[in-house]
Amino acid sequence: MKRSSAQRVLRDVASKVLQNYRDVVGVQSAVLFSADGFELASYAADEAAAARLAAIGSSLAALGSAISAEAGLDEFERTTIESKSGTVTIMRVGDDGAMSLAVVAGRNAVLGQLLWATQRCSQALAAAVHT
Amino acid sequence: MTAPEEGEFKIVFTGPMGAGKTTAIAAISEVEPVRTEVDNSDRENHEKEYTTVGFDFGRITLPGGHPVRLYGTPGQARFRFMWSILGRGAAGVIILLDATRADALEQLDLFVDAFLPLVPPGAIVVGIGRNAEPGAVATDAFATRMEARGLVAPVLTIDAREPRDVRLLVHTLTCILESRVPAGACA
Ligand SMILES: Nc1nc2c(ncn2[C@@H]2O[C@H](COP(=O)(O)OP(=O)(O)O)[C@@H](O)[C@H]2O)c(=O)[nH]1
Ligand SMILES: [Mg+2]
């Protein structure tokens with residue numbers, strides 16, 4: 001994908017916001033991605049890993065929207081995949097469905113704290129992007 | 001697993017972005033199809049507004065009364081993980097291609113490589129869209145490409161917006177599967 005200057009600015013601003021995850025116990029990596037699966041910014045993920053997380057994350061977000069609609073619910077907001085060794089949370093960023101955030105955390109993360117931090121991060125990203 | 005003998009079976013529509021997978025399933029599904037389309041931010045690769053990032057899902061009934069589930073994949077290689085998820089347990093695959101794309105033959109190779117290990121031997125049908133448009137790759141070239149790699153597969157020219165064309169693709173595939181589906185499905 002061509003990187004316009006607007007996208008570079010987004011990447012810089014979003015990367016700064018994602019740095020906040022440094023202070024959240026257990027967070028291993030985080031990726032902000034477009035609805036069609038391109039990574040826009042990342043924290044502690046190498047390029048290849050970020051690209052894969054972005055693609056899979058966008059599928060999950062789209063399936064989240066599809067099942068919400070099927071069940072007659074409002075727009076998809078968040079889903080958490082849980083395993084014995086950790087979690088992956090996918091959260092919608094902003095109101096237009098254009099972006100989502102994926103956060104990978106280890107077993108040592110406190111889910112409540114993680115979700116709260118992710119909510120805050122998502123709001124900061126939405127604000128940063130839409131101003 | 002979706003063993004064809006045990007009732008409903010599954011067919012996968014695959015192929016590159018913009019080939020017409022979502023359109024084809026919507027054209028023939030008897031139920032409102034499930035779509036997972038989002039805004040396409042990659043206009044360099046394809047000038048279309050929406051793109052599938054999860055899967056398409058629809059359902060049809062064959063002439064013999066046999067129900068078939070139709071799944072459509074995303075087209076971009078970054079969604080390859082969805083190809084194997086959707087290909088698992090499929091009775092066969094329909095590969096759709098856009099003949100006006102300069103890399104249409106390479107795309108054929110890419111999707112054959114990805115789906116050959118996932119479907120029963122020979123359960124592949126190829127549908128070529130936009131074959132009459134200027135600059136289109138000749139239809140024969142696709143069949144030749146398959147033969148060159150020792151594969152025999154029907155290659156049909158289609159318009160994914162035409163229910164008749166899409167049904168013909170499905171019908172052709174079910175004829176290949178004939179021994180596996182109940183009598184009457186392949187009239
Ligand atoms: N002219 C022409 N247009 C087609 C054909 N098949 C699909 N289209 C159009 O191409 C666009 C892309 O189709 P879509 O189903 O989204 O492609 P997908 O990415 O494979 O799911 C749609 O606007 C269709 O109407 C075809 O055979 N001929
Ligand atoms: Mg599609």
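Contact map, segment B:156-175: first residue at negative phi, second residue surrounded by 18 or more Cβ atoms within 10 Å (Cβ to Cβ) and of a type in the set (S, T, N, Q), Cβ cut-off under 8 Å, separation 6 or more or different chains; pairs are B:L156/B:T172; B:T157/B:N131; B:A160/B:T23; B:R161/B:T23.
Please work out if B:T14 is hydroxyl-bearing (S, T, Y), in contact (Cβ under 8 Å) with a residue 24 or more places away in the chain, within 14 Å of chain A (Cβ to nearest Cβ) and within 15 Å of ligand 1 (Cβ to nearest atom). Spelling it out, it is not the case that B:T14 is hydroxyl-bearing (S, T, Y), in contact (Cβ under 8 Å) with a residue 24 or more places away in the chain, within 14 Å of chain A (Cβ to nearest Cβ) and within 15 Å of ligand 1 (Cβ to nearest atom).
With the structure loaded, tell me whether B:T23 is in contact (Cβ under 8 Å) with a residue 24 or more places away in the chain, buried (at least 19 other Cβ atoms within 10 Å of the Cβ), within 14 Å of another protein chain (Cβ to nearest Cβ) and of a type in the set (S, T, N, Q) or whether it fails that test.
Values: in contact (Cβ under 8 Å) with a residue 24 or more places away in the chain: yes; buried (at least 19 other Cβ atoms within 10 Å of the Cβ): yes; within 14 Å of another protein chain (Cβ to nearest Cβ): no; of a type in the set (S, T, N, Q): yes.
No; evaluated as a whole, the condition is false for this residue.
The set of residues in segment B:50-74 being within 10 Å of ligand 1 (Cβ to nearest atom) and either of a type in the set (S, T, N, Q) or in contact with an Asp or Glu (Cβ under 7 Å, 6 or more places away or on another chain) (or both) consists of B:Y50, B:T51, B:T52, B:G72, B:T73. Could you tell me whether A:L125 is within 12 Å of the chain's Cα centre (by Cα), over 18 Å from B:M82 (Cβ atoms) and at pLDDT 95 or above? It is false that A:L125 is within 12 Å of the chain's Cα centre (by Cα), over 18 Å from B:M82 (Cβ atoms) and at pLDDT 95 or above.
Looking at this structure, is B:T73 more than 10 Å from ligand 2 (Cβ to nearest atom) and closer than 23 Å to B:C175 by Cβ? Answer is no for this residue.
Taken together, the residues in segment B:120-174 that are under 26 Å from B:L62 (Cβ atoms) and among the small types (G, A, S) amount to 7. Contact map, segment B:27-53: residues that are under 13 Å from B:Y71 (Cβ atoms) and facing chain A (nearest Cβ under 7 Å) paired with residues that are acidic (D, E) and part of a strand (DSSP E or B), Cβ distance under 9 Å, separation 6+ or inter-chain. Pairs shown: B:V34/B:D56; B:T36/B:D56. For segment A:87-111, residues that are farther than 22 Å from A:R8 by Cα and open to solvent by 50 Å² or more (accessible area, probe 1.4 Å) total 4.
Taking the listed residues A:S65, A:S58, the one that is open to solvent by 10 Å² or more (accessible area, probe 1.4 Å), within 12 Å of chain B (Cβ to nearest Cβ) and within 25 Å of A:L10 (Cβ to Cβ) is A:S65, with no other qualifying. Screening B:M82 on (1) under 18 Å from B:R167 (Cα atoms); (2) free of Cβ contacts under 8 Å to residues at least 40 places away in the same chain; (3) outside any loop (DSSP other than H, G, I, E, B); (4) not acidic (D, E) shows it passes everything except condition (1). In the set (1) surrounded by fewer than 20 Cβ atoms within 10 Å (Cβ to Cβ); (2) in contact (Cβ under 8 Å) with a residue 40 or more places away in the chain, the condition left unmet by A:A14 is number (1).
Remark: A:T89 matches the filter, which requires a residue to be of a type in the set (S, T, Y) and either in contact with a Pro (Cβ under 8 Å, 6 or more places away or on another chain) or more than 14 Å from chain B (Cβ to nearest Cβ) (or both).
Take segment A:17-42 and flag every residue that is hydrophobic (A, V, I, L, M, F, W, C), more than 11 Å from every other protein chain (Cβ to nearest Cβ) and open to solvent by less than 30 Å² (accessible area, probe 1.4 Å). Across segment A:17-42, the qualifying residues are A:V17, A:L18, A:V24, A:V27, A:A30, A:V31, A:L32, A:A41. Taking the stated definitions as given, is B:V68 crowded, with 20+ Cβ neighbours inside 10 Å and either closer than 26 Å to B:H171 by Cβ or touching a strand residue (DSSP E or B) at 6+ places or on another chain (Cβ under 7 Å) (or both)? Here the answer is yes, as B:V68 does meet what is asked.
Scanning segment B:98-123 for residues that are open to solvent by less than 10 Å² (accessible area, probe 1.4 Å) and either basic (K, R) or more than 18 Å from B:H46 (Cβ to Cβ) (or both) gives B:V112, B:F115, B:A123.
The values are calculated or read from the model by the stated rules, or taken from the named source; none is laboratory data. Here the structure is a predicted model, which means the values were calculated and not measured. Note that we place each Cβ from the backbone using ideal geometry, even for glycine, and neighbour counts take in every protein chain shown. Note: accessible area is taken over every heavy atom of the protein model, side chains too, but ligands, DNA and RNA are not part of it. Shrake-Rupley method; radii C 1.70, N 1.55, O 1.52, S 1.80 Å.
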